[in-house]
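So the structure is just underneath, and the comments pick up after that.
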Amino acid sequence: MSDLERAVYMLVGLIIGVIVHEYMHGYVAYRMGDTTAKRAGRLTLDPLAHIDPFGTVILPGILLLMSIMGYGTFIIGYAKPVPINPFLFRKPRGIIWVSLAGPLSNLALGVLFIGVIRLLVAFEGGAVLDKIIYTCLFISYINILLFVFNLVPIPPLDGSRVVGYFLRGDARRFYQSMEPYGFFIVLLLVMAFGFLLSRAVGGVANLIMRAFGLGSVF
């Protein structure tokens, strides 16, 4: 498989993943009593409602080119965050479930597409079938990447919302003050320790593959 094909498959998985991710944030917030996302027109799977110019187009595009050129191992990005108002939640701990809804939806997509692979490998091979299997494989991989990546406890990633809920006083204020710089912190960490992220994602993906009776791939 060429670097171009691999990058395109991951880009498809990324687009699917970030849209479902943000939709689930909004949906769970709605179930918790917050109608902000619904009133903003964000409680939808329409890609146009969730596109962020940099996170959904520019950043993945740069990483796509780097991957094609052989300088990258994965493509990451994000959609426009769904607006939520925690003060409207019926219970304060609602922020935990809303925060986890996005990453868990990506994990569910990863499991779903690996399950599809398990069904497809039961059929006789062929060029078209192989393409479908590879597409499902990389869609599952990128969604598992989104799952692991978003659990990193650095603001504004979802993992930080969960950690922030349990902090109090100055510790909470200091933690939240990192958010304006969070993207740059995350970017630097990915550049410096991206291999650790790749190993973690590959480990989770292989674990799920083995659970479905498939061999380790990543």
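Below, the figures for the structure above:
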{"quantity": "Scope region 179-196; condition within 17 Å of the chain's Cα centre (by Cα) and either of a type in the set (Val, Ile, Thr) or at positive phi (or both); matching residues", "calculated": "Val186, Val190"}
{"quantity": "Within region 64-84, considering residues that are among the hydrophobic types (A, V, I, L, M, F, W, C) and touching a Gly at 6+ places or on another chain (Cβ under 6 Å), the one modelled with the highest pLDDT", "calculated": "Val82"}
{"quantity": "Enumeration of residues in region 155-201 that are charged (D, E, K, R), in contact (Cβ under 8 Å) with a residue 12 or more places away in the chain and within 26 Å of Tyr141 (Cα to Cα)", "calculated": "Asp158, Arg161"}
{"quantity": "Residue within region 65-85 that is among the small types (Gly, Ala, Ser) and over 21 Å from Phe149 (Cα atoms) present", "calculated": "yes"}
{"quantity": "Unique residue being modelled with pLDDT under 90 and of a type outside the set (A, V, I, L, M, F, W, C) when the list is Gly164, Gly194", "calculated": "Gly194"}
{"quantity": "Residues of region 119-163 that turn out to be within 20 Å of the chain's Cα centre (by Cα), in a helix (DSSP H, G or I) and not polar (S, T, N, Q), as a count", "calculated": "18"}
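The values are calculated or read from the model by the stated rules, or taken from the named source; none is laboratory data. Because the structure is a prediction, the values reported are computed rather than measured. Counting neighbours? That spans all protein chains shown, and the Cβs are built from the backbone with ideal geometry, glycine included.
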